[in-house]
1. Only one residue in Ala120, Ala83 is open to solvent by 70 Å² or more (accessible area, probe 1.4 Å) and at pLDDT below 85, so which one is that?
2. Kindly evaluate Phe199 against the criterion of being crowded, with 21+ Cβ neighbours inside 10 Å and at negative phi.
3. Looking at segment 233-250, is at least one residue in a loop (DSSP other than H, G, I, E, B) and under 16 Å from Leu189 (Cα atoms)?
4. How about segment 92-108: which of its residues are free of Cβ contacts under 8 Å to residues at least 24 places away in the same chain, more than 18 Å from Val154 (Cβ to Cβ) and surrounded by fewer than 16 Cβ atoms within 10 Å (Cβ to Cβ)?
5. Considering only segment 231-242, state which residues are surrounded by 19 or more Cβ atoms within 10 Å (Cβ to Cβ) and either without any contact (Cβ under 8 Å) to a residue 40 or more places away in the chain or among the polar types (S, T, N, Q) (or both).
6. Is it true that some residue in segment 253-266 is more than 23 Å from the chain's Cα centre (by Cα), outside any helix (DSSP H, G or I) and acidic (Asp, Glu)?
7. Could you list, in sequence order, all residues of segment 250-266 that are modelled with pLDDT of 90 or more and exposed (fewer than 14 other Cβ atoms within 10 Å of the Cβ)?
8. Only residues that are part of a loop (DSSP other than H, G, I, E, B) and touching a residue at least 24 places away in the same chain (Cβ under 8 Å): list them for segment 136-163, please.
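The values are calculated or read from the model by the stated rules, or taken from the named source; none is laboratory data. Everything quoted here is computed from the prediction, not taken from an experiment. Cβ atoms come from the backbone with ideal geometry, glycine included; neighbour counts cover every protein chain shown. Areas reflect the complete protein model, heavy atoms only, side chains present, ligands, DNA and RNA absent. Shrake-Rupley method; radii C 1.70, N 1.55, O 1.52, S 1.80 Å.
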Amino acid sequence: MTEQSLALIQQWMKSVITERGDLVEKLDSAAQQHGLATEEVVAEKRGLSARERLSIYTSGYVARLLECMRADFPVLRRFTGDAVFDAFARAYIVTEPPHSPSLFDLGARFAQFLDETKPAAGAGENEMNTGDEMNVLLDLPAEMARFERARTEVMRAHGTENDPHASFSPLDVLSSDLKLQTTPCLRLLALKFSLIDFFQEDRDESAQPDVRYSFVAISRSDYRINATEIEPWQFAFLRACERAVSAHIAARRAAEESGTEASSVLANLVLWLPVAIQSAFLRIDNQTH
């Protein structure tokens, strides 16, 4: 077999794995793209046709991916039940096949998939103001998946555990020279539910999350995950610090976005900034301070 033929077969196999649809649709798409019939790539063996062998292989492949999804979203799985979760996850795997060699990337778009495939709300677009909680609850699986995915990313992201100790006084906030930047392991979420308590290990299994808008910061300090509900101005301030920026400039942006006086943001920042640094939400930009 020539290198060119081997490369063509590898491309055919990749198409079968990553194309959307069921096995028949995948094989038809691969044949059209690469001009190879199934029988030209997979031989019959032990009385099984090429398609039967591929069906067994793809079923095992999907089962393995399903196990990974179960491991990545345990809280959502417990909440929905195994049957419902598996139905969601299988549909996601079929319609969003993995394109990355890392299984860590498998669930990256699961929350978006749940958002895009949820039933249409009957109360119109502004359901949060209608008082009809049933429509809002349609968003809950996607919001839970978004929260769980963020925690997983925080565990894998570069943390602050090995950062050198930075001398810092809260009054430094008053200096225009102080520059801050969010840590690589910080994830910010704007949610339609209050999910912090819902994700606690000792929670009541029958408890339901409160339906209300919430802002959450998730990060890792000393190898421990910190998930904290924060105020709108704090959320806006952290977003303003995604790149190294003066604390004064970030405070002004946060004030504009949250509808708060800039002087109030700066005053509150004197008290909150040490907490944000301790929680690994922010770090001092050492190049300028």
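1. Of Ala120, Ala83, the one residue that is open to solvent by 70 Å² or more (accessible area, probe 1.4 Å) and at pLDDT below 85 is Ala120.
2. Numbers: crowded, with 21+ Cβ neighbours inside 10 Å: no; at negative phi: yes.
So Phe199 fails the test.
3. Taking segment 233-250 first, the residues in a loop (DSSP other than H, G, I, E, B) are 241-244.
Now restrict to residues that are under 16 Å from Leu189 (Cα atoms): 241-242.
Within segment 233-250 (the criterion being in a loop (DSSP other than H, G, I, E, B) and under 16 Å from Leu189 (Cα atoms)), the answer is yes, since at least one residue qualifies.
4. Matches in segment 92-108: Ser100, Pro101.
5. Of the residues in segment 231-242, the ones surrounded by 19 or more Cβ atoms within 10 Å (Cβ to Cβ) are 233-238, 240-241.
Hits for segment 231-242 are Trp233, Gln234, Ala236, Phe237, Ala240.
6. Of the residues in segment 253-266, the ones more than 23 Å from the chain's Cα centre (by Cα) are 253-266.
Among the residues that remain, those that are also outside any helix (DSSP H, G or I) are: 259-261.
Those still in the list that are acidic (Asp, Glu) too: 261.
Within segment 253-266, one or more residues are more than 23 Å from the chain's Cα centre (by Cα), outside any helix (DSSP H, G or I) and acidic (Asp, Glu).
7. Residues of segment 250-266 that are modelled with pLDDT of 90 or more, as a first pass: 250-261, 264-265.
Scanning segment 250-266 gives Glu256, Gly259, Glu261, Ser264.
8. Looking only at segment 136-163, we keep the residues that are part of a loop (DSSP other than H, G, I, E, B), and these are 138-139, 157-163.
Within segment 136-163, Asp139, Ala157, His158, Gly159, Thr160, Glu161, Asp163 qualify.
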